[in-house]
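Worksheet: one structure, shown below.
The values are calculated or read from the model by the stated rules, or taken from the named source; none is laboratory data. These numbers come from a predicted model, not from an experiment. Here the Cβ is made from the backbone with ideal geometry for all residues, glycine too, and neighbour counts use every protein chain on show. For the accessible areas, the whole protein counts, side chains as well, though only heavy atoms, and no ligand, DNA or RNA atoms are used. Shrake-Rupley method; radii C 1.70, N 1.55, O 1.52, S 1.80 Å.
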Amino acid sequence: MIRLASGSETRAKLLRDAGIEFIQSPIEFDEDSLLKQYSDPKEFVCAVARGKLQKAIEKYGLEIPIVVADTVVTANNEILRKAKNEAEAREILQKQSGNRVDIITCMIYKDKGKEVEDLDTTSYLFAPFDEEDLKNYLGSGEWRGKAGACMVEGFCKKYIKSVKGRESTAMGLQVERLAEIAKDI
């Protein structure tokens, strides 16, 4: 049994699908507070994951091992955060249309005896997005709360020309690595 310190339904689904027993215990952490300190996407995503871990330990302790994760979407090495409104979502998605997009996830597992930090990247090459399809996606609101307003398992899926890496990383939690780390619990 692990504690998923995240409110993400996608991360919870990944754990269920992998057969990993967990309880979901969301935490609050101001990710944007670190944006000015870190311009490198990999450094940023790891700093956010470490901040989430600290908050989770403070709130829940370590009676149950904790897993935290953060994911960033980048295009041209620019961090594409969660869009605050539809116009911002359109701008973020247009940067991805017809471009290479890296989705970077940092996951940290911590129990009383060990801490493992894992950084993984999945790279996609997207075909240009169809304008009408983009308009419908934006109108659906499914982009809300998603890093880079991107859903590789949803809207973006049909535009994938090539992929290098794990789909679970792109979805926010590399469950294959977590299963290896947590196999002894």
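Taking the residues in the range 164-178 that are part of a helix (DSSP H, G or I) and either modelled with pLDDT under 90 or touching an Asp or Glu at 6+ places or on another chain (Cβ under 9 Å) (or both) as candidates, determine which candidate is most open to solvent (accessible area, probe 1.4 Å). Explain how you work it out, then say what you get.
From the range 164-178, those part of a helix (DSSP H, G or I) are 167-171, 175-178; that's our starting set.
Within this subset, residues satisfying the condition of being either modelled with pLDDT under 90 or touching an Asp or Glu at 6+ places or on another chain (Cβ under 9 Å) (or both) are 167-171, 175, 177-178.
Numbers: E167: 88, S168: 7, T169: 0, A170: 16, M171: 40, V175: 14, R177: 68, L178: 0 Å².
The residue in question is E167.
Return the only residue of K146, K161, K112, K135 being within 25 Å of A18 (Cα to Cα) and open to solvent by 80 Å² or more (accessible area, probe 1.4 Å). Spell out the reasoning first.
Values: K146 fails: open to solvent by 80 Å² or more (accessible area, probe 1.4 Å); K161 fails: within 25 Å of A18 (Cα to Cα); K135 fails: within 25 Å of A18 (Cα to Cα).
The match here is K112.
Residues are listed down the side, and each one gets a yes or a no for (1) in contact with a strand residue (DSSP E or B) (Cβ under 7 Å, 6 or more places away or on another chain); (2) open to solvent by 60 Å² or more (accessible area, probe 1.4 Å); (3) assigned to a helix (DSSP H, G or I):
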| position | (1), (2), (3) |
| --- | --- |
| R16 | no, yes, yes |
| E28 | no, yes, no |
| L53 | yes, no, yes |
| V67 | yes, no, no |
| T71 | yes, no, no |
| E91 | no, yes, yes |
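Since G19 meets every condition but one in (1) out of contact with any Leu (no Cβ under 9 Å at 6 or more places or on another chain); (2) on the phi < 0 side of the Ramachandran plot, which condition does it not meet?
(2)
So which residues in the range 73-89 are more than 18 Å from E131 (Cα to Cα) and outside any loop (DSSP other than H, G, I, E, B), if there are any at all?
V73, T74, A75, E78, I79, L80, K82
Go through the range 94-109 and count every residue that is open to solvent by less than 10 Å² (accessible area, probe 1.4 Å) and outside any strand (DSSP E or B).
Adding up the residues that qualify gives 1.
Does I23 qualify as being part of a strand (DSSP E or B) and open to solvent by 30 Å² or more (accessible area, probe 1.4 Å)? Step through it out loud before you land on a result.
Details: part of a strand (DSSP E or B): yes; open to solvent by 30 Å² or more (accessible area, probe 1.4 Å): yes.
Yes; evaluated as a whole, the condition is true for this residue.
Of the numbered conditions (1) open to solvent by less than 30 Å² (accessible area, probe 1.4 Å); (2) under 29 Å from L4 (Cα atoms); (3) modelled with pLDDT of 95 or more, A127 fails exactly one; give the number of that condition.
So A127 meets the others, but not (2).
Given (1) modelled with pLDDT of 95 or more; (2) farther than 22 Å from K164 by Cα; (3) not hydrophobic (A, V, I, L, M, F, W, C), where does Q37 come up short, assuming only one miss?
Of everything listed in (1) modelled with pLDDT of 95 or more; (2) farther than 22 Å from K164 by Cα; (3) not hydrophobic (A, V, I, L, M, F, W, C), Q37 misses just condition (1).
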